[in-house]
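Report on the following structure.
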Amino acid sequence: MRLKQIKLAGFKSFVDPTKVPFEQQMTAIVGPNGCGKSNIIDAVRWVLGESSAKNLRGDAMTDVIFNGAASRKPVGQASVELLFENTMGRLQGSMADRSEVSIKRSVNRDSTNSYFLNGSKCRRKDITDIFLGTGLGPRSYAIIEQGTISRLIESKPQELRVFIEEAAGISKYKERRRDTENR
Ligand code: ATP
Ligand code: MG
């Protein structure tokens with residue numbers, strides 16, 4: 001599984017539609033302070049289903065929408081799309097036999113969120129489900145930010161267990177059991 005491209009529009013500082021392609025050799029995004037590097041990571045976490053504004057460095061979920069600048073008016077919608085190569089079939093469920101998987105999320109000023117899987121409207125859960133057990137998720141260890149390591153070291157046993165269960169690939173079975181029990 002490999003992230004091939006990120007597309008952003010109206011998301012934080014990326015007001016104009018922006019494509020960030022990840023070629024095989026690409027390993028880093030560099031730039032001066034405030035140019036939007038962390039906003040790209042926020043975008044990845046957001047499209048994977050993050051539902052806490054604080055974890056996206058904002059106060060409200062609509063803070064991810066471009067809020068205007070000296071020469072630009074605010075916009076009404078933010079959207080982010082991730083394109084994955086799924087040649088090893090790591091993405092599961094309905095996407096298991098797809099060689100390319102696109103996931104997209106958009107939000108409007110009235111807080112309505114929409115999610116899309118390969119262009120078709122879906123639920124947030126449809127997106128979080130296909131990533132279970134892959135190590136990638138809105139709060140997974142695939143994204144290591146400033147402070148993540150110390151948080152891991154200082155975490156309570158119950159929190160540490162969540163990381164270990166995801167790494168061991170058993171979190172998806174726990175999720176399925178929870179689903180079944182709630183039916
Ligand atoms: P550093 O090197 O300091 O970590 P960075 O490249 O990670 O910088 P970001 O934190 O990604 O920078 O970007 C911060 C910029 O994004 C700020 O200029 C901020 O005003 C802008 N920004 C954040 N949210 C919005 C928004 N909703 N609308 C417009 N601009 C935004
Ligand atoms: Mg930063």
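Any read-out appearing in this document is the output of simple, stated calculations on the displayed coordinates, not a laboratory observation. No experiment lies behind these values; they were computed from the predicted model shown. Counting neighbours? That spans all protein chains shown, and the Cβs are built from the backbone with ideal geometry, glycine included.
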Restricted to pairs 8 or more residues apart or on different chains, the lysines in segment 26-173 with C-alpha atoms under 26 Å apart form a number of pairs equal to 15
Once label points are set 7 Å from the Cα along Cα→Cβ at both PHE163 and ASP110, what is their separation, rounded to one decimal in nm?
4.2 nm
For segment 92-137, report the translational diffusion coefficient in µm²/s to the nearest whole number, using Stokes-Einstein at 25 °C, 0.890 mPa s, and a Kirkwood Rh over Cα pairs.
216 µm²/s
Compare GLU159, GLU100, GLU81 in a GNM of the chain, Cα atoms joined below 10 Å, and give the one with the largest fluctuation.
GLU159
One quarter of the C-alpha convex hull surface, i.e. the mean projected area of segment 1-57 in nm², amounts to 4.5 nm²
Less than 19 Å apart at the alpha-carbon level, and either on another chain or at least 8 residues along: which aspartates and glutamates does that give for LYS7?
ASP16, GLU23, ASP42, GLU50, ASP63, GLU81, GLU85, GLU100
For q values of 0.12, 0.18 Å⁻¹, compute log₁₀ I(q)/I(0) with the Debye formula on a Cα-only model of segment 52-178, without solvent.
-0.59, -1.15
Using the alpha carbons of segment 1-123, what is the convex hull volume per residue in cubic angstrom, as a whole number?
116 Å³
Run through all the Cα pairs of segment 42-108 and give the fraction in each 10 Å bin from 0, expressed as whole percent.
19, 39, 26, 13, 3
